Each structure stands twice: as C-alpha cells, then as structure tokens.
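Reading through the structure tokens given below for one structure.
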Amino acid sequence: MGIAVISYSLTGNNRKLAAAVAAALSAEHIEICLAKPSATWTIILGMVLGRTPKVQPHPSVLEKYDRVLFFAPVWMGKVASPLRAYLRQLKTRPQPYAFASISGGALNPNPKLAEDISNRAGAKPAAFLNLYITDLLPPDSKATTMKDTSSYLLNDGEIKKLVGLLEASPVWSFC
C-alpha cells in the first residue's frame, strides 16, 4: 500500500515538485495525463462549463494506496480540471488525501480553492498548501503579471526550496 504522489501539470512545475517530493518520501509518483491533448481555449471552456476531461491512468489507481498526495495547478481559482476525476473517486471511495500546488497565474490568494477541493472529494484534505510563483521571485522581479508568472518555469534550486517549505508544512506530516 503506502502513499501515492499524484500530479497534473500543464507547465511542468507541479510535476517537477511532485517528483521531488515523491523521491524524498520514497513514494510512487503517478503523473496524470489527458486522454487527448487540449488547446488552451478548450481548457478554459471546460473550466467555465465544469467539465471533467478523460484522464489516464484511470482514477481507480487510488485504491492501491493508503494515502494520496495531489499536486496540481489552480485554474480560475479552482483545482485544475484533470484532477476532478480523481477527487470524484475519493468521494465514492473515501481515503485520506492532501493537496499541494504551485500556482503561476494567481497574483492574489484563491480563497475558495480548499472549499472547491473539499466539495469535489466529499471531505476536507488532511493537509492543504497553495504556493505561488510570485512568492519565489525576488522583490525586484519583472514577472509581475499573470502572463509572466503563469509561463514561469521553476529551476532545480526553486524546486529544492519548495520541497523545504513542504517539509515544514502540515502536508509533510500527512505523509
């Protein structure tokens, strides 16, 4: 059994962070992929209409683990749509889970994110952490718009720093 670190990432940031956490925990890292590629406009339309895309591996993969740690971006103040199928799986077959994210697009907090995740999973996460690209940047950084931060790619040093932040958070004690 054990813990699964499950990630979805459009830019690669959440995937890199999840892989580093999985390695530090000696946990299995499972990467969520869309069954078919989606254009940006399709993703936006899906978020507005509340659609859940078909994903691989099948969400039933969660049943093999005692605990699940999710990493995914935040889109339009909500969890990225590819994670929805996995949260729905938790609603039908409850198990302990935690959620962490490194978000690029938000320049402000996402106050309803934890509620969105809890509603979709049918229970609150055991731990929750929403980190922002803007918090990693130096104060004099020129990346100050959503376009700048959403296209920002984390380097290895920043991933290491984020793993350190996670080690000091409730997310790590969940694991």
*Looking only at the range 150-171, which residues are within 28 Å of Pro96 (Cα to Cα), in a loop (DSSP other than H, G, I, E, B) and touching a Lys or Arg at 6+ places or on another chain (Cβ under 8 Å)?*
none
*If you take the residues in the range 77-89 that are closer than 30 Å to Pro139 by Cβ and under 12 Å from the mean Cα position of the chain (by Cα), which one is most open to solvent (accessible area, probe 1.4 Å)?*
Lys78
*If you check Ile159 against the conditions, is it more than 23 Å from Met76 (Cα to Cα), at pLDDT 80 or above, open to solvent by less than 80 Å² (accessible area, probe 1.4 Å) and not charged (D, E, K, R)?*
yes
*Which one is surrounded by the fewest Cβ atoms within 10 Å (Cβ to Cβ) among residues in the range 24-34 that are touching a helix residue (DSSP H, G or I) at 6+ places or on another chain (Cβ under 9 Å) and farther than 14 Å from Val171 by Cβ?*
Cys33
_Total residues in the range 117-130, condition under 13 Å from the mean Cα position of the chain (by Cα) and open to solvent by less than 30 Å² (accessible area, probe 1.4 Å)_ = 4
*So, in the range 95-108, of the ones that are closer than 17 Å to Thr145 by Cβ and open to solvent by 10 Å² or more (accessible area, probe 1.4 Å), which residue ends up modelled with the highest pLDDT?*
Gly104
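Please pick out the residue among Thr40, Thr92, Thr11, Thr52 that is modelled with pLDDT under 90, among the polar types (S, T, N, Q) and surrounded by fewer than 12 Cβ atoms within 10 Å (Cβ to Cβ).
Thr40
The values are calculated or read from the model by the stated rules, or taken from the named source; none is laboratory data. Keep in mind it's a predicted model, so treat the numbers as computed, not measured. Note: ideal-geometry Cβ built from the backbone for every residue, glycine included; neighbour counts use all protein chains shown. Keep in mind that these areas ignore ligands, DNA and RNA; they rest on the heavy atoms of the full protein, side chains included. Shrake-Rupley method; radii C 1.70, N 1.55, O 1.52, S 1.80 Å.
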